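All remarks here apply to the structure that follows.
The values are calculated or read from the model by the stated rules, or taken from the named source; none is laboratory data. Quick caveat, the model's predicted, so the values are computed rather than measured. Quick reminder, even Gly has a Cβ in these numbers, built from the backbone with ideal geometry, and neighbours come from all protein chains shown.
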Amino acid sequence: MPRLSAAPITLTPEQESDLRGLARAHKTPRKLAERAEMILRSATGREVREIARQLGVWPKTVRHWRRRWLSGQAEVAAAVRLADEPRPGAPATFTPEQVCAIVALACEPPEKNELPLSHWSQSELAREAVRRGIVDSISHGSVGRILKRGRPQTASCARLAHAHAGPSSSRANAPRFARSITRRPRRRGRTFARCRSTK
């Protein structure tokens, strides 16, 4: 069965000049320069496998960027047509107040919230944070990342911890309590050990 030939690519002088500028410029990201070279070589009539071998990439990579170029609008700049598409499902961002509230929640005993748990899990913390209105939505993975990087946030969490402790707590105790809630939780399986408050 004869091999199907790739659709031909024809470049205008402006497009060729634009692509050559991307492929040769020192400031062009390597991936973008590589894609520009794929299109330039495709326009000379070279086969996909030959281009892939010359550039040290997979043939499917060459096919992908050929399709992207052919499906793009001719008036759009080459750098835009060959740029990465935005990735779906980008991680949500949370305010410092929300982060500190989640860290403080992780230090509360689960039984205080009438939950039949001895230690918090990431999933339970995520559900409780949504139930309390701390966030509209959050995944258990985001909770894990927040707790993992919580250590550098001692100063801001100190104020929140003092507010959670109530008016009876002295201001001097807030930083010490913050140090305890920002300490990385110890794991037991997939659960988090309860934070120990300092006296």
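Under 6 Å between Cβ atoms, at least 6 apart or on separate chains: pull out the pairs that start in the range 55-84 with a residue that is more than 21 Å from residue 20 (Cβ to Cβ) and end on any residue that is among the aliphatic types (A, V, I, L, M).
59/48; 59/52; 63/48
If residue 106 satisfies every condition in (1) in the same structural domain as residue 144 (by TED's automatic domain parsing); (2) more than 30 Å from residue 125 (Cβ to Cβ); (3) of a type in the set (A, V, I, L, M, F, W, C) but one, which is the exception?
Checking residue 106 against (1) in the same structural domain as residue 144 (by TED's automatic domain parsing); (2) more than 30 Å from residue 125 (Cβ to Cβ); (3) of a type in the set (A, V, I, L, M, F, W, C), the one that fails is (2).
Restricting to the range 107-122, count the residues that are in a helix (DSSP H, G or I) and either within 22 Å of the chain's Cα centre (by Cα) or modelled with pLDDT of 85 or more (or both).
1
Please verify whether the range 78-100 includes one or more residues that are in contact with a Cys (Cβ under 6 Å, 6 or more places away or on another chain) and modelled with pLDDT of 85 or more.
Checking the range 78-100: at least one residue is in contact with a Cys (Cβ under 6 Å, 6 or more places away or on another chain) and modelled with pLDDT of 85 or more.
Considering only the range 1-62, give the helices (runs of 4 or more DSSP H) lying wholly within it that have at least 3 residues that are closer than 14 Å to residue 78 by Cα.
Once the helices (runs of 4 or more DSSP H) in the range 1-62 are filtered for at least 3 residues that are closer than 14 Å to residue 78 by Cα, what remains is 13-24, 30-43.
Across the range 7-39, which residue is surrounded by the most Cβ atoms within 10 Å (Cβ to Cβ) among those that are among the β-branched types (Val, Ile, Thr) and out of contact with any Ser or Thr (no Cβ under 6 Å at 6 or more places or on another chain)?
39
Looking at this structure, is residue 152 at pLDDT below 50, exposed (fewer than 13 other Cβ atoms within 10 Å of the Cβ) and under 20 Å from the mean Cα position of the chain (by Cα)?
For residue 152, the condition - at pLDDT below 50, exposed (fewer than 13 other Cβ atoms within 10 Å of the Cβ) and under 20 Å from the mean Cα position of the chain (by Cα) - is met.
Are there any pairs, at least 6 apart or on different chains, whose C-beta atoms fall under 6 Å, with the first in the range 110-126 and surrounded by fewer than 18 Cβ atoms within 10 Å (Cβ to Cβ) and the second in a helix (DSSP H, G or I), and if so, which?
Pairs that qualify, where the first residue is surrounded by fewer than 18 Cβ atoms within 10 Å (Cβ to Cβ) and the partner is in a helix (DSSP H, G or I), are 117/110; 123/140.
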